[in-house]
Every structure is written in C-alpha cells, then in structure tokens.
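Here's the structure, in structure tokens; my notes come after.
The values are calculated or read from the model by the stated rules, or taken from the named source; none is laboratory data. On a predicted model such as this, the values are computed, not experimentally measured, just so you know. Quick reminder, even Gly has a Cβ in these numbers, built from the backbone with ideal geometry, and neighbours come from all protein chains shown. Remember, those area values only see protein heavy atoms, side chains included, never the ligands or the DNA or RNA. Shrake-Rupley method; radii C 1.70, N 1.55, O 1.52, S 1.80 Å.
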Amino acid sequence: MKKLVALEPRVAGLVEYEDRAVARDEAKIKVVFASPKHGTEVVDFRGVSPFIDEEFNEEWNMFMPRAEGAARGIVFGEFQLGNMVVGEIVEIGADVTEYAIGDMVCTYGPIMETVIVKAVGNYKLRKMPEGASWKNAVCYDPAQFAMSGVREAHVRAGDYVVVVGLGAIGQIAIQLAKKAGASIVIGIDPLEHRREIALRHGADACFSPIGTDVGYEVKKLTGKLGADSIIETSGNGQALEAALRGIAYGGIISYVAFAKPFPEGFNLGREAHFNNAKIVFARASSEPNPDYPRWNRKRIEETCWELLMNGYLDCEDLIDPIVNLSESADAYMKYVDQQPDLSIKMGIEL
C-alpha cells in the first residue's frame, strides 16, 4: 500500500507502508477520496515553518500545547501529506459500537490507501449520509474557519460584507454571508476563475485588487457607506490596507488568515483612524470560543458538518483538479506548492 509524504522540502512522493493491527477502540478506513490542506500545510511542506526550528520549539512549547501545530518535529521522508479523507470502514475493534463495517465516513487523515482512527468517543469521525457529496465532505476543515470568520464579523441581515481572498475558506465565507442575509456580498481576489466561482455561489460583485482601488469600489457599491464587515482570508498586507479603506465607520474586520510579516511601508494610518475600524482575529480552533459557553469548537464542527451534508453549502466547484493516487505526488507539487493559483482545493481519488 502507498501513502503520500514529503520526501524533502518541496518534494512529494509515494512510499510503501504496512498497516498495524487495529486496536479495540479503532476503525480502519479504506480511503476512496482525499484532499490536502492548501494553506498552513504547504508552509510545512516547503520546510519554512518556524516549528521546524528546534531552538524555536523549546520556547514555543512553553506556551503552546504539544497537540497544536502538526509541523513540530517534521522528519522529511516520513511527514505525511493530506488533511481530509472519505472512505469505507473495513475493520473495527472490539469496543467500537457506533460504527459498522461498510459505513462510509469522513475524518481528518493523510493521503494514503488506508487510515486507522479512534472510533470510540471521536466526534471528528463523521458518518456520511447516503448520497452526500464527498467534495463537500473534504471541505469540512475550511468550512469551520469560514464559519468562525463570519461569526466573528457579526454578519447580520441587510449587512454589506466583503470577503478578501477566495480560496476554500473565502469561497465558503461568501456562501455563509449571503445565506445569513447580507444584502451585498463582495469578493476580492486577483484570480478570475475564483471570482467567477464566487459569483455563482452568492457574491453580488467581485473585484481584482490588481489595478483596482478596492476600497473605492466597495464605497461606490455601498452608497459611500462602506462595508459593515470585511472577512480577510488572504494574509496580504495590501489587502488589509484596502479593507481599511472600504470599511464603514465602526465596521469589523474579521481576520481569518494566518498572516505573514507585513512588508515595510504597511500603513495603519488615516483610514484605520478615521474609520474607527475594529480588527478581530477569528480562529475556529481557539478555545474558549468568544461566544463560550454557547459555542465551542465542537459546536462549530457539528454545525458545519450538518450544513455540508444537507447541501446548504455547495463545494462542488471548489474541488479541482481531481487526480488519481498514482498522480498525487506530481499534482501536489504543482497545484499546492508551485502553482497554487491553478487550484482552490485539489481532490484525490483512490
């Protein structure tokens, strides 16, 4: 059997593996579909994550739980690539009662032919309803961060909303904002095909930030008022400056992106001061949730799963290209690392 790993920085490859025995509280899944994570995972794949540096690790681990940050202790040649898998349960341990052989399920997992997961008390192992879309299922992870961003933006009926960055998180945020009742939803992304997808799924208008004063266009579309909420998923400093120009007085910028250091010249001057903008940082997995105890990570996950499985969210257009496992190494390097503009979220069929 084969699995996809990072052989060295920016080099993916398939390697052979053998399954271990299934424990009493575990299930073995024969993977049918899978998808990588196009955001934070690729930073680790490129070998530039701060978690790889051992000196940094010692200081970081003083205040960060060990379970957080999968990149710590990366050993290239063994570091498995992938984020979500969908497949059929083919073996269960003696203590497993909630799942049966033959169940179709979705869970977090690497890109490999079989995945063994805990199946007792594991609410992240999700049963697939009959006829449910696997493409929606592998968007389970980005949907959670999109929902967190929309909730922290306090989007309400009638609001003017801008979503900056139309990757998987931004695309789902577009849908959530529109379905929440926003009267105008605007998408911002330099890639035309991403803007086209957003327009098909709820955006009222989309703009490229290249050669366009996005803040000015937002003000024009909103009768000079500006956006009530801006959901920032790009992590780009210039995008944040544009957002500050387009925000309404007292509006909220919900910052979802894991930002890189901003370049010299980044300016939080006139627009930020005069527009009295509020910047909040949204992260679905941070506990306690800002709306604790009513909301926590588990509730976000359960709500997103329901919306994906009942078709309220539509992620069919987000999964492209779809490749076979045998092609996955080259495809990962091309679509996730080298030319990420060609794909929002790659799918793998086993």
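Brief remarks on what is shown
- Residue 259 touching a residue at least 12 places away in the same chain (Cβ under 8 Å), hydrophobic (A, V, I, L, M, F, W, C) and open to solvent by less than 20 Å² (accessible area, probe 1.4 Å): no
- Number of residues in the stretch 1-25 that are surrounded by 21 or more Cβ atoms within 10 Å (Cβ to Cβ) and either farther than 23 Å from residue 77 by Cα or of a type in the set (Val, Ile, Thr) (or both) equals 1.
- Of the residues making up the stretch 332-344, those that are open to solvent by 10 Å² or more (accessible area, probe 1.4 Å) and under 17 Å from residue 12 (Cα atoms) number 6.
- Subset of the stretch 273-286 that is out of contact with any helix residue (DSSP H, G or I) (no Cβ under 6 Å at 6 or more places or on another chain) and over 17 Å from residue 257 (Cα atoms) - its residue that is surrounded by the most Cβ atoms within 10 Å (Cβ to Cβ): 275
- Pick from the stretch 183-233, criterion among the basic types (Lys, Arg) and open to solvent by 60 Å² or more (accessible area, probe 1.4 Å), ranking: farthest from the chain's Cα centre (by Cα): 224
- Which numbered condition residue 49 misses (of (1) modelled with pLDDT under 85; (2) of a type in the set (Gly, Ala, Ser); (3) in contact with a Pro (Cβ under 9 Å, 6 or more places away or on another chain)): (3)
- Here residue 223 meets each of (1) under 22 Å from residue 141 (Cβ atoms); (2) outside any helix (DSSP H, G or I) with one exception, condition (1).
- Residue 311 being surrounded by fewer than 13 Cβ atoms within 10 Å (Cβ to Cβ), of a type outside the set (Phe, Trp, Tyr) and in contact (Cβ under 8 Å) with a residue 60 or more places away in the chain: yes
- One residue stands out in the stretch 151-178 among those that are assigned to a helix (DSSP H, G or I) and more than 26 Å from residue 342 (Cα to Cα): the one that is least open to solvent (accessible area, probe 1.4 Å), namely 152.
- Residues of the stretch 287-301 that turn out to be within 16 Å of residue 142 (Cβ to Cβ) and open to solvent by 30 Å² or more (accessible area, probe 1.4 Å), as a count: 1
- Check on residue 324, touching a residue at least 12 places away in the same chain (Cβ under 8 Å), open to solvent by less than 30 Å² (accessible area, probe 1.4 Å) and not small (Gly, Ala, Ser): no
- Where a residue in the stretch 38-54 is open to solvent by less than 40 Å² (accessible area, probe 1.4 Å) and its partner, wherever it lies, is modelled with pLDDT of 75 or more, with Cβ under 6 Å and at least six apart: 42/336; 42/337; 45/6; 47/9; 49/43
- All positions within the stretch 91-109 that are among the hydrophobic types (A, V, I, L, M, F, W, C), crowded, with 16+ Cβ neighbours inside 10 Å and in contact with an Asp or Glu (Cβ under 9 Å, 6 or more places away or on another chain): 92, 96, 104, 105
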